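Working notes, structure below.
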Amino acid sequence: MLDIPSFAPDDPSGALVDQVMAVAHLAPTASVAVIGHHTLPLLLALMRRGCPCVRSLRPDTASPDGEAADLAWIVDVASEDELCEALQAARRRTGAKGRVIVEGTACACRNSLAALRDRAVSAGLDVVSFDHAAGRLLLAPTPAPASAA
């Protein structure tokens, strides 16, 4: 059995998880894939809040599973290449209805958050909203073009 430690009420990871789940409009029981290098505090906070299916993915390592997720949360990538890999992995995991959140203040493009849109579009994602204060982007799959009748 996994022993999940208790968090103090002012735990920054817990507050961040609450914010992200609210921004993504997801229930606490959503399936979440956290992509990055330093994901353990967020994984524990998600499990503590009731997410039954939480996984961590490293952008520089192949993932043996391809399980779908309601949310892919990119929290810590070290380079532009890792960011592109993370966006591609997030798009594959979230399918046609899932959401992707990029923590811009912790990503490789933090000096150019506007450049994230171009990378997101090439991964089949588009910006739904941007939180300037948090430096956080909410992405969704780009809708398929309507067929001409």
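The values are calculated or read from the model by the stated rules, or taken from the named source; none is laboratory data. Just so we're clear, the structure is a prediction, and the values are computed from it rather than from any experiment. Positions of Cβ are generated from backbone atoms using ideal geometry, with glycine treated the same way; all protein chains shown enter the neighbour counts.
Filtering region 48-69 to residues that are of a type in the set (S, T, N, Q), part of a loop (DSSP other than H, G, I, E, B) and surrounded by 15 or more Cβ atoms within 10 Å (Cβ to Cβ) leaves only S63.
Just to be sure before I move on: is L87 under 24 Å from S129 (Cα atoms), part of a helix (DSSP H, G or I) and more than 10 Å from the chain's Cα centre (by Cα) in the structure I sent? So L87 fails the test. Tallying residues that are under 13 Å from A27 (Cα atoms) and without any contact (Cβ under 8 Å) to a residue 24 or more places away in the chain within region 41-65 yields 4.
The number of residues in region 16-42 that are assigned to a loop (DSSP other than H, G, I, E, B) and within 19 Å of G104 (Cβ to Cβ) comes to 4.
Give the residue that is modelled with the highest pLDDT, with candidates limited to residues of region 76-100 that are within 16 Å of L42 (Cα to Cα) and buried (at least 22 other Cβ atoms within 10 Å of the Cβ).
Taking region 76-100 and keeping what is within 16 Å of L42 (Cα to Cα), we get 76-77, 100.
Now drop any that are not buried (at least 22 other Cβ atoms within 10 Å of the Cβ), which leaves 77, 100.
Working: V77: 86, V100: 94.
Filtering first and then ranking leaves V100.
When restricted to residues that are modelled with pLDDT under 85 and assigned to a loop (DSSP other than H, G, I, E, B), region 101-127 contains 6. Of all the listed residues (A72, A45), the sole one being buried (at least 16 other Cβ atoms within 10 Å of the Cβ), part of a helix (DSSP H, G or I) and of a type in the set (A, V, I, L, M) is A45. Pairs linking a residue in region 78-104 that is farther than 20 Å from A24 by Cα to a residue that is surrounded by fewer than 16 Cβ atoms within 10 Å (Cβ to Cβ) and modelled with pLDDT of 90 or more, with Cβ atoms under 9 Å and 6 or more positions apart or on different chains, do not occur.
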